[in-house]
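The values are calculated or read from the model by the stated rules, or taken from the named source; none is laboratory data. All figures in this text were calculated on a predicted structure; none of them were measured in a lab. Neighbour counts run over all protein chains shown; Cβ positions are idealised from the backbone, glycine included.
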Amino acid sequence: MSTRLQHLARRLWDGSGVLARRRADAVAAWVRRGRRDDLTGVPAILGCWLRALLVLLGGYLLWRLIRAAPGLLWLIVPVWCWRAVRAVPSADDAESVPDEGAEASARDDVLALLFDILGDRPAVHLSEVLQHLQKQGRGEGWTVTDLRARLEALDIPVAAKVKAGGKSPTRGVRKSALLALSPETAPEASTAPSTAA
């Protein structure tokens, strides 16, 4: 019984970390979208500052609301715990985890797909990889954070600030990192299916 409770506590702890990272990434992405590409200097980032102030104001108002009505925690905490436990795989899911050979095969398939998407470019944003997957009917309902977690689970390096396609730097993968990881998986154009979904 204690092992079951320990496993549940571990899922709650890990899931809380996953949820916190997802929320932080979503808020940071929303703040970054306030940047104006048609302006330069301080006016270009005023939108980011305004959005950051709105986030701080929202956090302050939430804190004041909870201080005024602490009974709200009886609603917020169970919802958070439920979502945290669902954010990580259960013990039953662990039985279906592929063995090392299957995982290596999945990694090779994902690397081949990434090389295919990269083409002759030096880097690609995760948002573009996600769009490509969803056009193929894979990764429905995923966010960029979900894709990043799956790539990192396969030990595929994800860089924090990647410039690609003339867009603002954001999370992505670099061809040089993939080549260093597995040079034999780099075909000219691979059509291997992805098992990342």
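The set of residues in region 111-120 that are touching a helix residue (DSSP H, G or I) at 6+ places or on another chain (Cβ under 7 Å) and in contact (Cβ under 8 Å) with a residue 24 or more places away in the chain comprises LEU111, ALA112, LEU114, PHE115, LEU118. Taking the numbered list (1) in a helix (DSSP H, G or I); (2) farther than 23 Å from ALA26 by Cα; (3) modelled with pLDDT under 85 in turn, GLY71 passes all entries but (3).
Is it the case that region 107-114 has a residue that's modelled with pLDDT of 80 or more, part of a loop (DSSP other than H, G, I, E, B) and out of contact with any Pro (no Cβ under 9 Å at 6 or more places or on another chain)? Checking region 107-114: not a single residue is modelled with pLDDT of 80 or more, part of a loop (DSSP other than H, G, I, E, B) and out of contact with any Pro (no Cβ under 9 Å at 6 or more places or on another chain). Scanning region 32-61 for residues that are within 26 Å of the chain's Cα centre (by Cα) and among the hydrophobic types (A, V, I, L, M, F, W, C) gives ILE45, CYS48, TRP49, LEU50, ALA52, LEU53, LEU54, VAL55, LEU56, LEU57.
Considering only residues that are assigned to a strand (DSSP E or B) and touching a residue at least 24 places away in the same chain (Cβ under 8 Å), look in region 134-178 and name the one that is surrounded by the most Cβ atoms within 10 Å (Cβ to Cβ). The qualifying residue surrounded by the most Cβ atoms within 10 Å (Cβ to Cβ) is VAL173. Among the conditions (1) within 28 Å of ARG171 (Cβ to Cβ); (2) in contact (Cβ under 8 Å) with a residue 24 or more places away in the chain; (3) not basic (Lys, Arg), LEU8 misses just one, which is (1).
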